[in-house]
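The values are calculated or read from the model by the stated rules, or taken from the named source; none is laboratory data. This structure is a prediction, so every number in the text was calculated from the model and none was measured. Heads up, the Cβs are rebuilt from the backbone with ideal geometry, glycines too, and the neighbour counts pull from every protein chain shown.
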Amino acid sequence: MVTATIHDRLDAVRGDPGHHLVRVPVTTDLDGHEVAVWTHVLIGEREGPTLTLLSGVHGNEWGHLGFFTQFVREFDPASVAGTIRVVPTANPPALGALSRAVPDDSDQPDVNRSFPGEGRRFTWLAEQIATTIADQVLPGSSAIVEFHVGIWGSALGSSIIATDYSDPAVQEQTWALALAFGTPMIFATKAVSAFPGPRSLLGFAGERLGIPTIGSMLGGVGFAADLERGWHDASLRGIGNVMSDLGMTSAGREGPDEALVYETVHRVNPKAGGLLRPRRIPETFGREVMAGEVLGEIVSPYTLDVIETLESPMDGYLAYFARDYPVRPGDWSFGVIPADHAGTRWVPTRPG
């Protein structure tokens, strides 16, 4: 059982070592319930940096909850210098509906596209949630790791970083953060000027707040228990690597000696709805695939015929995959990193 001192605001946490729990209020919804962002504040016995771990901006991405729970329960103040802020559910209304976005009729239902931008701030629920996180949870962080652990039936295997922060120092620190985390694949994208955009947490925190920020997209749910356990362990190891790199612990860094960096990925998702049946089970992140290789097929749940074949469009590496599950047109299935793209390269993960 997680036990902690409960506060009603972050500034009420005075620095006493241990586990503090803060319910950061956002607003009151139509059903009368308060919408709040619960934040665990783990304070070490020695002064040091502040690391923020955040997930659940999309309500159908809940696979992190297992290793977040383990991390919080096993926190030992005596072994840590600094503070860790843990936000397990950044978007409570979406989690309650098990949906990606806030289940309302607003113009802006996706919290991860609603962080403050230029001009006035609007009052849609997603924007109020994002603004509360932006104003009260993220400031003061030395580094941020946000987690997107795939929807049920699909799994991703990379970290994601922005390559277009305007501050060179933040850019350099972001690369160091991603290499330290230790995921064997890193998606390097123009997150401020392109996907996922300046109003995503990744774009906002790095560009507007100047905080080195990476996303971890490692793992999925609905797979074999040992496979999911391996992804959970890798995420915990990544958090430990970041803490070590920031000087928060004396533990050494663990992980691969090199990582596959890529700047583009081709989605091989279905145009038709049906039952996705992968060709290979189990699959492996980063394995080489060949142009024309059949990755899976879509079976009609009515005629039981194969109505679509999903093929790799090129030689490359597998970025993400799925298990057999019902899909709608465009749902997550497979992603292929092109081998011959100029931005696809292997880099060492350790200095020197």
>> Which count do you get for residues in region 117-149 that are small (G, A, S), in a loop (DSSP other than H, G, I, E, B) and more than 30 Å from G82 (Cβ to Cβ)?
In response: 2
> Since I298 meets every condition but one in (1) more than 25 Å from Y165 (Cβ to Cβ); (2) surrounded by fewer than 22 Cβ atoms within 10 Å (Cβ to Cβ); (3) of a type in the set (V, I, T), which condition does it not meet?
Replying inline: (2)
> Taking region 1-34, which residues are aliphatic (A, V, I, L, M), modelled with pLDDT of 90 or more and surrounded by 15 or more Cβ atoms within 10 Å (Cβ to Cβ)?
Replying inline: L21, V22, V24, V26
> Can you tell me which residues in region 212-226 are more than 16 Å from the chain's Cα centre (by Cα) and either in contact (Cβ under 8 Å) with a residue 60 or more places away in the chain or farther than 17 Å from L156 by Cβ (or both)?
Replying inline: G222, F223, A225, D226
> Does region 276-295 hold any residues that are surrounded by fewer than 18 Cβ atoms within 10 Å (Cβ to Cβ) and hydrophobic (A, V, I, L, M, F, W, C), and which are they?
Replying inline: I281, M290, A291, V294
> Taking region 117-133, which residues are modelled with pLDDT of 95 or more and polar (S, T, N, Q)?
Replying inline: Q128, T131, T132
> So D107 clears everything in (1) at pLDDT 95 or above; (2) part of a loop (DSSP other than H, G, I, E, B); (3) in contact with a Phe, Trp or Tyr (Cβ under 7 Å, 6 or more places away or on another chain) except one condition, right? Which one?
Replying inline: (1)
> What tally of residues in region 16-39 results from selecting those that are touching a residue at least 40 places away in the same chain (Cβ under 8 Å) and either assigned to a loop (DSSP other than H, G, I, E, B) or under 21 Å from L177 (Cβ atoms) (or both)?
Replying inline: 3
> Taking into account only those residues within region 62-89 that are assigned to a loop (DSSP other than H, G, I, E, B) and out of contact with any Ser or Thr (no Cβ under 7 Å at 6 or more places or on another chain), which is surrounded by the fewest Cβ atoms within 10 Å (Cβ to Cβ)?
Replying inline: E74
>> Based on this model, can you work out whether G238 counts as modelled with pLDDT of 95 or more, closer than 30 Å to D315 by Cα and in the same structural domain as P313 (by TED's automatic domain parsing)?
In response: no
> Which one is surrounded by the fewest Cβ atoms within 10 Å (Cβ to Cβ), of the residues in region 218-240 that are in contact with a helix residue (DSSP H, G or I) (Cβ under 8 Å, 6 or more places away or on another chain) and of a type in the set (A, V, I, L, M)?
Replying inline: L236
>> Residue pairs, Cβ under 8 Å, 6 or more apart or interchain, first in region 326-341 and closer than 21 Å to R277 by Cα, second at pLDDT below 95. List them.
In response: W332/G150; W332/I151
> Restricting the search to region 248-270, which residues are part of a strand (DSSP E or B) and surrounded by fewer than 17 Cβ atoms within 10 Å (Cβ to Cβ)?
Replying inline: E258, H266, R267
>> Could you go through region 318-327 and let me know if any residue there is under 19 Å from L218 (Cβ atoms), in a loop (DSSP other than H, G, I, E, B) and touching a strand residue (DSSP E or B) at 6+ places or on another chain (Cβ under 7 Å).
In response: yes
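Here is a yes/no grid of residues against (1) over 21 Å from L209 (Cβ atoms); (2) modelled with pLDDT under 95; (3) not acidic (D, E):
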| site | (1), (2), (3) |
| --- | --- |
| A36 | yes, no, yes |
| I43 | yes, no, yes |
| T52 | no, no, yes |
| V57 | no, no, yes |
| E61 | yes, no, no |
| V72 | yes, no, yes |
| D76 | yes, no, no |
> For region 311-323, does any single residue satisfy the condition of being in contact (Cβ under 8 Å) with a residue 40 or more places away in the chain, farther than 23 Å from T189 by Cβ and under 24 Å from the mean Cα position of the chain (by Cα)?
Replying inline: yes
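A quick yes/no check of all residues on (1) free of Cβ contacts under 8 Å to residues at least 40 places away in the same chain; (2) within 21 Å of G330 (Cβ to Cβ):
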position	(1), (2)
V192	yes, no
R237	no, no
N241	no, no
G252	yes, no
P256	no, no
T264	no, yes
R267	no, yes
